[in-house]
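Every read-out reported here was derived from the displayed coordinates using simple, explicitly stated rules and does not represent laboratory data. Keep in mind that this is a model prediction, so the values were computed, not measured. Please note: Cβ atoms are built from the backbone with ideal geometry, for glycine as well, and neighbour counts cover all protein chains shown.
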């Protein structure tokens, strides 16, 4: 028996009652004294992972051809909630989410914002995920694969975890959703107004759904028994400012940056497909312009009621000798208690030489030795939402 799970509402939950466990883990909350409609919630996620990377060694022995070990991929704590607005159904919303660094153990601020929400409109001010990459809009515990695709790292806003500081508004009316965010651009998380790279940035996203409600697209998995649903989206980001393009330690070179994406997600009875295309242009004063392009495809289907197999393919390339990324991951998920407790494992294979500019150690993908290819990635992970 599990006792007193919901604060202020003691009781018991049978271990076999899956729906009760899911509700308990995802909505542990309290009501503020004297404010019966004001709700706060403490939650979080723990992901313990084992990684192994096998690379081809070159004659100069420039890389370690075998790396393996355990890591706490994510340990996050989140406080969020809402306050009622007297005389209406509107809410004042807030969220603070932190993560312990997997390399240093230091506490990092991810989300930190307050806002106002009505039936159709939401306004948020602070640090939050910019509305650009579709994968980044899905909360961590509800993603299909072990992690985001490598292309999301390449084409999404740089850290922490796609966050930027600014003000965002979103309007949803029927089957349409429009979002726009005035922000400090890429690399502006946890910075002062003079510390971010961009002087100004703007991110915008539009979505159109077909079938079912918006909550259906809050995860990437389609469980058995669900009706067909489709989501189409497109987004772009523009920023300008000054950076250190020539590496002399002086932020004196002006730059302009543009990122874009178009994506589609289809879900049906126990299976799903998703795909996205990406682009990145950056021009720095006195330097060659960068033009990168990429794509991602993902699919999954349930082979039993609680076991899903999935595959994710990522491709990216540049125009100026950056190299090409071409990597495929395939694996399986065992849903022990829905997204609340699940075990996952996959294997990845890189068809091309992984260049340093497209490597992502957080995805288990390391830079290859020059001219070598055929990198293999093994990953296994257990997730607990509390």
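Report the full-extension gain for the segment residue 42 to residue 193: residue separation times 0.36 nm, less the Cα-Cα distance, to one decimal in nm.
Extra length from residue 42 to residue 193 when fully extended: 51.4 nm.
Between 314, 68, 164, the Gaussian network model of the chain with springs among Cα atoms under 10 angstrom shows the greatest mean-square fluctuation at 68. The distance separating the Cα centre of segment 49-94 from that of segment 319-339 comes to 15 Å. For a paramagnetic label modelled on residue 361 (point 7 Å from Cα along Cα→Cβ), amide N atoms under 15 Å away belong, within segment 367-383, to 367-368. Using the basic label-point model (7 angstrom from Cα toward the beta carbon), what is the residue 58 to residue 92 distance in nanometres? So the label points at residue 58 and residue 92 sit 5.9 nm apart. Distance from a point 7 Å along Cα→Cβ of residue 79 to each backbone N in segment 98-140: keep the residues under 18 Å and list them by number. Residues 98-100, 107-115, 125-128 qualify, since their backbone N sits under 18 Å from the label point. Of 365, 328, 83, the residue with the greatest mean-square motion in the GNM of the chain, using alpha carbon springs below 10 Å, is 83. Of the three principal axes defined by the Cα atoms of segment 217-334, the extents in descending order read 57, 24, 22 Å. Take the Cβ atoms of residue 242 and residue 109, set R0 to 35 Å, and the FRET efficiency comes out at 0.90. Considering only 369, 332, 145, the Gaussian network model of the chain with Cα springs below 10 Å gives its largest mean-square fluctuation to 369.
How high is the FRET efficiency from residue 264 to residue 304, r the C-beta distance, R0 22 Å, rounded to 0.05? Let's see the in-between values first.
Working: r = 27 Å, r/R0 = 1.23.
Between residue 264 and residue 304 the formula returns 0.20.
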